[in-house]
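To start, the structure itself, in structure tokens.
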Amino acid sequence: MAIEAHLVGRGTETGGMLAAMPDWKKLFDSATEQVGEGMKIAGAGLKQAAGEAKKVAGIGVGTITVEASRSSYELGDTVTGTVRLQLTEPIPAKRLVVALQATRKRYVAQRASDGRVAPVQRTETLVDHEVEVDGERTYASGTHRFTVRIPARIDAKVDVGGKLGDLLSAAQTIKSMTESPIRWKLVAFLDIPWKRNLSKDIDLSVHE
């Protein structure tokens with residue numbers, strides 16, 4: 001009888017342990033679900049942060065394109081064309097700008113530390129004229145027209161600084177300087193505060 005009672009007692013104890021196991025399983029499953037939800041929330045937060053970082057870098061904001069109405073121009077002509085914005089969402093910006101730029105590479109004289117003068121290639125800016133197409137507002141996708149005038153003449157000047165500035169007179173008197181052709185281009189950009197601007201440039205053919 002004592003042996004039977006002992007076995008019954010062991011059975012009751014084992015049964016109690018088995019009965020308690022589902023409670024531990026529930027706790028484990030609940031904890032696993034909470035961890036999973038936490039990871040989902042964290043993942044969503046990281047995804048949102050990555051999206052904001054991309055927007056700050058100008059990635060995913062959209063695109064901008066610029067087109068001129070003609071393929072070839074002369075000095076003194078007026079350039080008309082369009083700027084097209086294709087944005088993923090409306091975005092506040094300071095201004096929409098089209099700039100006419102003309103640059104040329106040329107050799108100028110530069111004195112080395114040993115006193116010798118050697119030719120160095122520099123880029124000089126001949127024209128840098130901005131036209132504000134539209135002002136501060138919230139921009140959406142759409143087309144904007146612009147007009148910008150090409151100067152009737154080019155007054156070339158060497159852009160120099162530092163030690164090179166001391167040799168400006170010498171540089172201007174050297175008649176054998178090697179000059180590259182003038183490069184003309186149109187640059188359109190949307191000035192977006194705290195983010196990388198959307199910009200696009202195209203080459204422009206201008207005959208002197």
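The values are calculated or read from the model by the stated rules, or taken from the named source; none is laboratory data. In this text, all values refer to a predicted model and were calculated from it rather than measured experimentally. No Cβ is skipped: glycine too gets one built from the backbone with ideal geometry, and neighbour counts run over all protein chains shown. Please note that ligands, DNA and RNA were not included when accessible areas were found on the heavy atoms of the full protein model with its side chains. Shrake-Rupley method; radii C 1.70, N 1.55, O 1.52, S 1.80 Å.
Annotations
- Residue satisfying all of: in the range 178-208; of a type in the set (S, T, Y) and in a loop (DSSP other than H, G, I, E, B); modelled with the highest pLDDT among these: S180
- Of the residues in the range 149-171, at least one is modelled with pLDDT of 50 or more and in a strand (DSSP E or B).
- Index of the failed condition, K175 passing every other in (1) modelled with pLDDT of 95 or more; (2) assigned to a loop (DSSP other than H, G, I, E, B): (1)
- Verdict on Y107 being at pLDDT 85 or above, buried (at least 16 other Cβ atoms within 10 Å of the Cβ), part of a strand (DSSP E or B) and hydroxyl-bearing (S, T, Y): no
- Some residue of the range 74-81 being part of a strand (DSSP E or B), open to solvent by less than 40 Å² (accessible area, probe 1.4 Å) and more than 26 Å from V206 (Cα to Cα): no
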